[in-house]
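Report on the following structure.
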Amino acid sequence: MFAYIARQPIFDVNREVYAYELLFRDGEKNCFPDIPPDEATSKLLATSHLSLGLEEIVGDKLAFINFHRDTLMYRFPTSLDASQVVIEVLETVKVDQQLVSACKHLRGLGFKLALDDFDATDKWKPFLPFTSIVKFDITTMSDEEIEKRVPELKQQRIKLIAEKIETYSDFEKFKAMGFDYFQGYFLAYPQIVRHRALEASKVTLLELLTASASIKMDFDKVNAILERDVSLTYLLLRFINNPMFNKRNRISSLKHALTYMGEIEVKKFIALLALANLSEGKPSELMEMSLIRAKFCELVSLALDVKENPPTGFLTGLLSLLDALTEQPMEELMKKIPISEQVKDALCGRQNLLKDCLLMVKHFECANWAEIKKLSAKHKLKQTLLHAFYNESIKWGRSMRSCVNE
């Protein structure tokens, strides 16, 4: 069955997350698996197939889920919450009157239907009167052909998603064309502004990152940086008192935190504080992706017995989107933060163990199961362990992000 899940964000025109598409580990199909209809109960879906509850994976966002023909015919989605789930009808399904009737019935129960990889052929016409969303794969149709289809679908009040958006120019192009939502990793690639200097406040935050990445931390220097801005001290203490980490003791100062948590944990939270502030004004998904990557890389590096001060696995994941957050080239940023050479090499794309940790989490983001299998074999880690790490990282990332946004 599917205990293993990846998720891909779907953004609105403001680059904020509208929904997540959930991709299950089910062979090469990445869709809700064919299982006997008598197994399709709410209890089974909740406890056996979804290793995390939907709310833990997507929070208050919608979940787009791909379904096989048989699972639609047997009305499997009815075991899920219609207010949380969008049913994706795959382009590969055999379309006949029975399938149309099953989908119409599900729509009547309150589920939204989305047509995946829409190709505008006649077979989809019976679905359009009750379809809420249509998804276009921009790599399989020409811009001219897609643009031609937009007005007729808009006229039927159907929302449009552009898939495989990998650059900001693609995002702007399809936004201008009238698309409502966008799926792809364009946010993770920076719009580099090569000649723009970093603001003074961001330079201060890079100083904090430097402190968290040093072998021996200068707490007097950290205190001096924090004292310049009372809000930074407040945010740091809120981070450290987050119940996901610290459930028992209320920490009231940096010195208290050092005594209670130890230098490595304090360094991690200082790095989180700096990144949270660097991400101000950027899409919030960038921060959450950074947090998930940080936790995942930390867990993998610890499993591989990488025990270093500073926490190199954590920092590698956390800083992996720093170029997108600051709109500066990663190579130039690495000159401004004197972190370990292993972290620098990984972030700049040079091969080492930390780069493999980062590659693993990137493959999870894209549901590249074959590549995850290769890397798990290379490092002699069980795939089940990696999936457990990713699930734990999603939960931790969401919790930490909510702390940032409070």
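The values are calculated or read from the model by the stated rules, or taken from the named source; none is laboratory data. Keep in mind that what you see is a predicted model, and the values were worked out from it rather than measured. Methodologically, a virtual Cβ is constructed for each residue, glycine included, from the backbone with ideal geometry; neighbour enumeration extends over all protein chains shown.
Just so you know, in the range 160-169 the residues that are assigned to a loop (DSSP other than H, G, I, E, B) and not polar (S, T, N, Q) include one that is surrounded by the fewest Cβ atoms within 10 Å (Cβ to Cβ), and it is GLU166. For the subset of the range 358-392 comprising residues that are under 19 Å from GLU298 (Cβ atoms) and of a type in the set (Gly, Ala, Ser), which member is modelled with the highest pLDDT? Here the answer is SER376.
Of PHE111, PHE182, PHE174, all but one fail to be among the aromatic types (Phe, Trp, Tyr), farther than 15 Å from VAL95 by Cβ, touching a residue at least 40 places away in the same chain (Cβ under 8 Å) and assigned by TED's automatic domain parsing to the domain that holds ALA82; the exception is PHE182. For GLY317, the conditions (1) modelled with pLDDT of 90 or more; (2) farther than 21 Å from VAL266 by Cα all hold with the exception of (2).
Is it fair to say SER101 is of a type in the set (Ser, Thr, Tyr), surrounded by fewer than 16 Cβ atoms within 10 Å (Cβ to Cβ), at pLDDT 90 or above and within 27 Å of GLU55 (Cα to Cα)? No: the conditions fail for SER101. When restricted to residues that are assigned to a strand (DSSP E or B) and either out of contact with any Leu (no Cβ under 6 Å at 6 or more places or on another chain) or in contact (Cβ under 8 Å) with a residue 60 or more places away in the chain (or both), the range 133-159 contains 5. Would you confirm whether or not the range 299-317 contains a residue that is free of Cβ contacts under 8 Å to residues at least 24 places away in the same chain and either over 20 Å from SER212 (Cα atoms) or buried (at least 22 other Cβ atoms within 10 Å of the Cβ) (or both)? Yes, because at least one residue in the range 299-317 is free of Cβ contacts under 8 Å to residues at least 24 places away in the same chain and either over 20 Å from SER212 (Cα atoms) or buried (at least 22 other Cβ atoms within 10 Å of the Cβ) (or both).
The residue of the range 170-193 that is farthest from the chain's Cα centre (by Cα), among those that are within 21 Å of CYS366 (Cα to Cα) and assigned to a helix (DSSP H, G or I), is ASP170. If the condition is being more than 22 Å from LEU22 (Cα to Cα), in contact with a helix residue (DSSP H, G or I) (Cβ under 7 Å, 6 or more places away or on another chain) and not in a helix (DSSP H, G or I), then the range 95-132 contributes VAL95, ALA120.
Restricting the range 201-224 to residues that are surrounded by 14 or more Cβ atoms within 10 Å (Cβ to Cβ) and among the basic types (Lys, Arg) leaves a set whose member that is nearest to LEU237 (Cα to Cα) is LYS221. If you take the residues of the range 77-94 that are closer than 24 Å to LYS125 by Cβ and not in a loop (DSSP other than H, G, I, E, B), which of them is modelled with the lowest pLDDT? For the range 77-94, the residue satisfying everything is PRO77.
Among all residues of the range 278-289, there is none that is at pLDDT 80 or above and over 23 Å from PHE11 (Cα atoms). When VAL343, VAL361 are checked against the criterion of being within 20 Å of the chain's Cα centre (by Cα), hydrophobic (A, V, I, L, M, F, W, C) and within 17 Å of SER290 (Cα to Cα), a single residue qualifies: VAL361.
Inside the range 133-148, residues that are under 14 Å from PHE179 (Cα atoms) and either in contact with a helix residue (DSSP H, G or I) (Cβ under 9 Å, 6 or more places away or on another chain) or among the hydroxyl-bearing types (Ser, Thr, Tyr) (or both) make up a count of 6.
Of the residues making up the range 363-388, those that are more than 18 Å from PHE24 (Cβ to Cβ) and among the charged types (D, E, K, R) are LYS374, LYS378, LYS380, LYS382.
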